[in-house]
Structure formats: structure tokens, C-alpha cells
Amino acid sequence: MKQRRPLIAGNWKMNGSLAANQVLLTGLLDGVAQLATVACDVVVCVPFPYLAQAQASLQDSVIKWGAQDVSAQEVGAYTGEVAVSMLRDFGCGYAIVGHSERRSYHAEADALVAQKTLRVLEAGLTPIVCVGETLQERKAGLTEATVARQLNAVLAVLNTEQLAKIVLAYEPVWAIGTGITATPEMAQQVHAFLRTQLSGLNAQAAGQVAILYGGSMKPDNAAALLAMPDIDGGLIGGAALKAADFLGIVAAA
Ligand code: PEP
């Protein structure tokens, strides 16, 4: 029995349509209904336009929904941005912040990710804060320095109470969407390091923070990853788009 309740979160990225989502959501609802117990929290992070669809489909189920990003601003003249209050209007419980695709394709800096984290917490939602090194950084022996820099920017703006409410996701960039997974031991090493960093702020809060692994997690590698003491769940990209795969990971948790 894990100290922290596992969390399996799907990140649909920029995939889907009203019709395709309905098939996926129905498959997920049917699948969880067939499980004797759902021993983890289950979340799907959908594109903004489909939040209403997710809310309508999932509101009476154990599956929660969230967004893949959010604005660091509260309201106003920020064309194209989506405020956390808007996510709340659609019943979101979660928002991913600092995904590596936002960091690399949209030049999101550590300080911006920290501000987004704060906005999400202030609105009463749970931020899923992503950190992770590139292959180049890993090869240069900079894995810990990279994730520490990314994490510390966020920790710098949080108080202890807020710290206990975040979810952290370790996503080695070289494992995202590549089919290459970090071995359970490699992932555990970084997760343990991240927890030590959190402990530097507050040991008790650090013990409460779920640290998810993300990067080509699939039904056939999930159990070994999730068996590691500091791996408290998964952030799932590709495998979240097929109900059977996603449910296979939920079952492993
Ligand atoms: C992700 O993008 O968060 C992710 C983990 O993707 P994948 O599972 O496809 O590697």
C-alpha cells in the first residue's frame, strides 16, 4: 500500500474531436465501471474547447478532468490566453503547467511556470507541475541540476501549505512520445532527488506531494514504474488516447 494515493493523468495534447472524444470518454467510463475498485485518482487533461464535453460526460463519475495549460494572468487583455477562473467554470480540478512542449515550443521560462502554478493554487485547483531534462542535459550529467532549477523556481513562490497541494511530474524530455521509457531505477533516482528537494522546504509537505512519472508509460511498463517507492502515478500522453491502454495503466496503479 502506497503512502500517497496514486494519480493517473492523461494528457490528450492537441488531439481529438467531439466525435472521437465521445468514443474515448465512453470507453473510459465503461472501463472504470468494470473495475472492482479504482485504487487511484484518474484525470484527463483535454484541449480547452472540449472542457465542456469532458464536464458533461464525467461529472457523475470518478474520473476528473483538467486543462493542459493556463494563463499566468488573472483577467484582461491577453489575447488567446485562458484564465484559471475559466477552467473553474468548467469544473476542472487540475491544470498541467510547465509541460516540456510548452517550455520548448512556447519558450515558457521557469519563472512563468512558477506564476502559473501559483494562479492554479490560488483558484483551488491542483497544478501538475512538469520538470525534466533533455537528452543533451542527461548526457552532460545535468539531470539533477536541470530539474532542481525548474523545481526551485516554483518552490520559491510557494508557502508550505501550497507546497503540499501540488502534484509534480518528472518527464524526461527524451522519453516523451519516443517510445523510450526511463527504467524504473532511473526514474526512481530522480523522483527521490525531487523529494529531497521538496523536503528542503518542508519534510512533512514533501511526503504528501505525489510525484508522477511521464514519458512513454504504457500498460506493459506501468506496473514496474509504479512499484518504485517515489513514483506515485503517471502523466500519460500517447497511451491516454486509447481507452484500453489508459485503463490498463489505471489497473496497474
Ligand atoms: C507527455 O507528453 O506528458 C507524455 C508523457 O507523453 P507520452 O506518454 O506520449 O510519452
Q. Near LYS2, which lysines are there with a Cα under 30 Å away, not counting those fewer than 8 places off in the same chain?
A. LYS13, LYS64, LYS116, LYS165, LYS218, LYS242
Q.
If I model a spin label as a point 7 Å beyond the Cα along the Cα-Cβ vector, how far apart are those points for ARG5 and HIS106 in nm?
A. 2.9 nm
Q. Which of the helices in the chain meet the span-like rule: DSSP H, Cα axial reach of 20 Å or more, Kyte-Doolittle mean at least -1.0?
A. 18-34, 184-201
Q) What is the dipole size for the chain, taken about its Cα centre, with +1 at each Lys and Arg Cβ and -1 at each Asp and Glu Cβ, in debye to the nearest 20? A) 160 debye
Q) Rg and Dmax of region 7-252 over Cα atoms: what are they, in angstrom? A) 16.9, 48
Q) At 222 nm, what helix-only mean residue ellipticity would the chain give, in deg cm²/dmol to the nearest 500, using -39500 (n - 2.57) for each DSSP H run of four or more? A) -13000 deg cm²/dmol
Q) For the chain, what is the percent of antiparallel DSSP beta bridges, rounded to the nearest 5? A) 0 percent
Q: Could you give the size of the charge dipole of region 86-129 about its Cα centre, using +1 on the Cβ of each K and R and -1 on the Cβ of each D and E, expressed in debye and rounded to the nearest 20?
A: 20 debye
Q: For the chain, report the accessible area per residue in Å² (1.4 Å probe, heavy atoms, rounded to an integer).
A: 44 Å²
(Q) Accessible area of the chain with a 1.4 Å probe: how many percent of it is carbon plus sulfur? (A) 56 percent
Q) Using unit Cβ charges (K, R positive; D, E negative) and no other charged atoms, how large, in debye to the nearest 20, is the dipole of region 125-253 about its Cα centre? A) 120 debye
Q: Output the peptides 29-37, 200-208 sorted from most to least packed, where packing is the average of other Cβ atoms within 10 Å over each peptide's residues.
A: 200-208, 29-37
Q) So, by mean Cβ neighbours within 10 angstrom, what's the order for 211-221, 50-60 with the highest one leading? A) 211-221, 50-60
Q | Coarse-grained scattering of region 99-181 at q = 0.27 Å⁻¹, given as base-10 log I(q)/I(0) from a Debye sum over alpha-carbon atoms | A | -1.37
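The values are calculated or read from the model by the stated rules, or taken from the named source; none is laboratory data. Only a predicted model underlies this, so the values are computations on that prediction, with no experimental measurement involved. Cβ atoms come from the backbone with ideal geometry, glycine included; neighbour counts cover every protein chain shown. With ligands, DNA and RNA removed, areas are computed over all heavy atoms of the protein, side chains included. Shrake-Rupley method; radii C 1.70, N 1.55, O 1.52, S 1.80 Å.
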